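To start, the structure under review is shown below, and the notes come after it.
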Amino acid sequence: MTRGSCLCGAVVFEIDGETTEIGMCHCSKCRKVSGVASNATLMTSSDNLRWVSGEDHIMKYAMADGWGAWRCTTCGSPLPKLHGGGGAYWVPAGVLDDDPGVRIAGHIFVGSKAAWDEVGGNGPRLSKGFGSKPAD
Ligand SMILES: [Zn+2]
Ligand SMILES: [Zn+2]
């Protein structure tokens, strides 16, 4: 069981079941929603995630194409968001309180990283999503 929560503690969730490994996404949208160079994210089936408290404290923002972010209405922390058709949650790994047991599988959308971003670690650096060509 892996627990996660927002900064103010109003929203708490837990994940019971398998997750993907962590992808570090350097795309411009992830930079906007996280405020940092790359967004650490993982995915899990929607059946695996349960809101423990604060589900009524979630602000759901979506762009015209459906991409977006869910946040705590009090503190603004990013929170797990239902992905695509709703079968899976996209989870910002930074809000997890426990070690999810998975590690960074690679850096994605390095082709659109910020000019000042220095990509660290040994994971593969891909131009777009997982399965795309290496960056550079
Ligand atoms: Zn909060
Ligand atoms: Zn991204």
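The values are calculated or read from the model by the stated rules, or taken from the named source; none is laboratory data. Here the structure is a predicted model, which means the values were calculated and not measured. Glycine also receives a Cβ, built like all others from the backbone with ideal geometry; neighbour counts cover every protein chain displayed. In case anyone asks, the SASA skips ligands and DNA or RNA and just uses the protein heavy atoms, side chains included. Shrake-Rupley method; radii C 1.70, N 1.55, O 1.52, S 1.80 Å.
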Checklist entry - If we keep just the residues of region 1-52 that are more than 16 Å from residue 89 (Cα to Cα), open to solvent by 50 Å² or more (accessible area, probe 1.4 Å) and within 16 Å of ligand 1 (Cβ to nearest atom), which is modelled with the lowest pLDDT? => result 35
Checklist entry - Among the residues of region 108-125, is there at least one that is within 18 Å of residue 13 (Cβ to Cβ), surrounded by 13 or more Cβ atoms within 10 Å (Cβ to Cβ) and of a type in the set (Lys, Arg)? => result no
Next on the checklist: I'd like the residue in region 53-67 that is of a type outside the set (Gly, Ala, Ser) and in contact with a Cys (Cβ under 8 Å, 6 or more places away or on another chain) and, out of all such residues, is surrounded by the fewest Cβ atoms within 10 Å (Cβ to Cβ).
Outcome noted: 59
Item to check | Residues of region 10-41 classified as away from ligand 2 (no atom under 13 Å from the Cβ) and closer than 14 Å to residue 81 by Cβ, total | outcome: 3
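Residues in region 76-88: is at least one more than 16 Å from ligand 1 (Cβ to nearest atom), in contact (Cβ under 8 Å) with a residue 12 or more places away in the chain, part of a strand (DSSP E or B) and open to solvent by less than 30 Å² (accessible area, probe 1.4 Å)? Full working, then the answer.
Within region 76-88, the subset more than 16 Å from ligand 1 (Cβ to nearest atom) is 82-88.
Pick out the ones that are also in contact (Cβ under 8 Å) with a residue 12 or more places away in the chain and you get 82-84, 86-88.
This time we only want the ones that are part of a strand (DSSP E or B), so: 82-83, 88.
Now narrow it down to the ones that are open to solvent by less than 30 Å² (accessible area, probe 1.4 Å): 88.
Among the residues of region 76-88, at least one is more than 16 Å from ligand 1 (Cβ to nearest atom), in contact (Cβ under 8 Å) with a residue 12 or more places away in the chain, part of a strand (DSSP E or B) and open to solvent by less than 30 Å² (accessible area, probe 1.4 Å), which makes the answer yes.
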